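This report concerns only the one structure given below.
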């Protein structure tokens, strides 16, 4: 897979970044978010690969790269891929230094990563299509045009929201006061992670 990854980056141009800025009103600090996976693969990863890390931050960086690869090749959209992505997000950066064993999440094992990447990638990155197009194609192949059943529960007590389950992602978004075309459910469903510490999304009853 490593050779395919390198070949896929060689076919990309560093397109204009789609950057979003979010202000933390409490600290006055802006966060800059890059949302295009192709831009991250093309420019950001090579940039960091060209420098050396002298602290334990290198561990967090390498797990971040694993997450990027999972998104690029579509592994993130598999149930086991989402589970591993959740382990990484919950076990790196400030969470990796948590001394409270009750709240600490173990990072994915080498065995679980090997089993995931041994599977045929859900996305054909050699096709020349953008990541957005590959995601859309995968979604449609799984019945995206008809919608997916979404169970929405509160993060406390796992009580289902009125109207749950919803027949489409859009209906679930509207039920929690988001725009129908939001991508929230797609990012959180079956991960076990609560959106804004309030809602849990799943494809099966919790």
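Structure summary
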| quantity | calculated |
| --- | --- |
| Single match in 93, 103 (criterion: in contact with a helix residue (DSSP H, G or I) (Cβ under 6 Å, 6 or more places away or on another chain) and at pLDDT below 85) | 93 |
| Residue under evaluation residue 52, criteria (1) at pLDDT 85 or above; (2) in a helix (DSSP H, G or I), criterion not met | (2) |
| Answer from 138, 132, 148, 201 - the residue that is modelled with pLDDT under 90 and in contact with a strand residue (DSSP E or B) (Cβ under 8 Å, 6 or more places away or on another chain) | 201 |
| Considering residues of segment 45-72 that are touching a helix residue (DSSP H, G or I) at 6+ places or on another chain (Cβ under 6 Å) and in contact (Cβ under 8 Å) with a residue 60 or more places away in the chain only, the residue surrounded by the most Cβ atoms within 10 Å (Cβ to Cβ) | 72 |
| Check on residue 16, exposed (fewer than 11 other Cβ atoms within 10 Å of the Cβ) and either modelled with pLDDT under 80 or in a loop (DSSP other than H, G, I, E, B) (or both) | yes |
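Here's the yes/no breakdown for (1) assigned by TED's automatic domain parsing to the domain that holds residue 76; (2) within 22 Å of residue 76 (Cβ to Cβ); (3) surrounded by fewer than 16 Cβ atoms within 10 Å (Cβ to Cβ); (4) within 22 Å of the chain's Cα centre (by Cα):
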{"site": "163", "(1), (2), (3), (4)": "no, no, yes, no"}
{"site": "176", "(1), (2), (3), (4)": "no, no, no, yes"}
{"site": "179", "(1), (2), (3), (4)": "no, no, yes, yes"}
{"site": "184", "(1), (2), (3), (4)": "no, yes, no, yes"}
{"site": "194", "(1), (2), (3), (4)": "no, yes, yes, yes"}
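The values are calculated or read from the model by the stated rules, or taken from the named source; none is laboratory data. Here the structure is a predicted model, which is why all the values come from computation and not from measurement. Positions of Cβ are backbone-derived with ideal geometry, glycine not excepted, and every protein chain shown enters the neighbour counts.
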